[in-house]
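Asks: Below you'll find the structure I mean.
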Amino acid sequence: MSQSEQPVFRLACGMQLRPWEARDAGALAQSCLDPDIRHWNRPAHLTVDAARQKINQWRGRWRSEDAAIWAIAPDGGEALGLIGLADLDLPGGQGEFLYWLLPAGRGSGVMVEATTQVSRWALEDLGLHRLRIVHSVENTASCRIAARAGFRLEGTMREALLHADGWHDEHLHARVQGDDWPS
């Protein structure tokens, strides 16, 4: 990863996955105020300046091979969402998905397509062996995304993540090399 530029992916739905840019700082700051994003992802409040710094940190994490974070955006437009792999372990062949969408991007199916695209890149191009999605059992939207993107439900981790309303059980979904791709 550190020897190449972060790829841009065009999605069939007319959106693209691209590196975050300074012009997306307003959308990133706005995401921290969205009640659903706050509930399921627990972001810290960001000013627009702090969001620019966060975007620069993501570029550094690409170069250090710690994470791969993309903006989900219409061609030529500001970000409507985020998708990426964090907790990357290149020698161990694993990574964990993170994602969210602002209200304007929800309900379009873009997250399933984005998750499938990043999975293909991670497994086929990057050479990872295992990808995981972990989410609260109460987050039914994330459960649908994982299932539609071909991630098998492996189990439930009891009281695995502290949210603002208390401890949540978490579903663990995974995709490994050789799993069938969704049609």
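Asks: All but one of (1) assigned to a strand (DSSP E or B); (2) of a type in the set (A, V, I, L, M); (3) in contact with a helix residue (DSSP H, G or I) (Cβ under 8 Å, 6 or more places away or on another chain) hold for L88, so report the exception by its number.
Replies: That leaves (3) as the condition not met.
Asks: Here is a follow-up. Applying the selection to segment 110-134, what residues are within 14 Å of the chain's Cα centre (by Cα), outside any helix (DSSP H, G or I) and not aliphatic (A, V, I, L, M)?
Replies: The answer is R132, and nothing else.
Asks: Could you tell me whether any residue of segment 143-165 is open to solvent by less than 60 Å² (accessible area, probe 1.4 Å), within 21 Å of D66 (Cβ to Cβ) and either touching a residue at least 60 places away in the same chain (Cβ under 8 Å) or not β-branched (V, I, T) (or both)? Quick ask: steps written out before the conclusion?
Replies: Applying the first criterion (open to solvent by less than 60 Å² (accessible area, probe 1.4 Å)) to segment 143-165 yields 143, 145-146, 149-151, 155, 160-161, 163.
With within 21 Å of D66 (Cβ to Cβ) added as a condition, the list becomes 161.
Still in the running and either touching a residue at least 60 places away in the same chain (Cβ under 8 Å) or not β-branched (V, I, T) (or both): 161.
Yes: one or more hits.
Asks: Go through segment 166-183 residue by residue and tally those that are under 20 Å from G109 (Cβ atoms) and either open to solvent by 50 Å² or more (accessible area, probe 1.4 Å) or assigned to a helix (DSSP H, G or I) (or both).
Replies: 3
Asks: Would you pick out the residues in segment 24-76 that are charged (D, E, K, R) and part of a helix (DSSP H, G or I)?
Replies: Once the filter is applied, which keeps residues that are charged (D, E, K, R) and part of a helix (DSSP H, G or I), segment 24-76 yields D24, D36, R38, D49, R52, K54, R59, R61, R63.
Asks: Quick check on L90: is it over 13 Å from the mean Cα position of the chain (by Cα) and open to solvent by 20 Å² or more (accessible area, probe 1.4 Å)?
Replies: yes
Asks: Hey, does segment 61-78 have a residue that's on the phi > 0 side of the Ramachandran plot, touching a residue at least 24 places away in the same chain (Cβ under 8 Å), surrounded by 14 or more Cβ atoms within 10 Å (Cβ to Cβ) and out of contact with any Phe, Trp or Tyr (no Cβ under 8 Å at 6 or more places or on another chain)?
Replies: So in segment 61-78, the residues on the phi > 0 side of the Ramachandran plot come out as 65, 76.
Imposing the further condition that a residue be touching a residue at least 24 places away in the same chain (Cβ under 8 Å) reduces the set to 65.
The next check asks that each one be surrounded by 14 or more Cβ atoms within 10 Å (Cβ to Cβ); those that pass are 65.
Subset that is out of contact with any Phe, Trp or Tyr (no Cβ under 8 Å at 6 or more places or on another chain): 65.
The answer is yes, given that some residue of segment 61-78 is on the phi > 0 side of the Ramachandran plot, touching a residue at least 24 places away in the same chain (Cβ under 8 Å), surrounded by 14 or more Cβ atoms within 10 Å (Cβ to Cβ) and out of contact with any Phe, Trp or Tyr (no Cβ under 8 Å at 6 or more places or on another chain).
Asks: Being open to solvent by less than 50 Å² (accessible area, probe 1.4 Å) and in contact with a helix residue (DSSP H, G or I) (Cβ under 6 Å, 6 or more places away or on another chain) is the filter here, so list the residues in segment 27-60 that pass it. Working first, answer last.
Replies: Of segment 27-60, the ones open to solvent by less than 50 Å² (accessible area, probe 1.4 Å) are 27-29, 31-32, 34, 37, 43, 46, 50-51, 55, 58, 60.
Within segment 27-60, L28, A29, S31, I37, L46, A51 qualify.
The values are calculated or read from the model by the stated rules, or taken from the named source; none is laboratory data. It should be emphasised that the depicted structure is a prediction, and the values quoted were computed from it without experimental measurement. Cβ: placed from backbone, ideal geometry, glycine included. Neighbour counts: every protein chain shown. When the accessible area is computed, the model is the full protein with side chains, heavy atoms only, and any ligands, DNA or RNA have been set aside. Shrake-Rupley method; radii C 1.70, N 1.55, O 1.52, S 1.80 Å.
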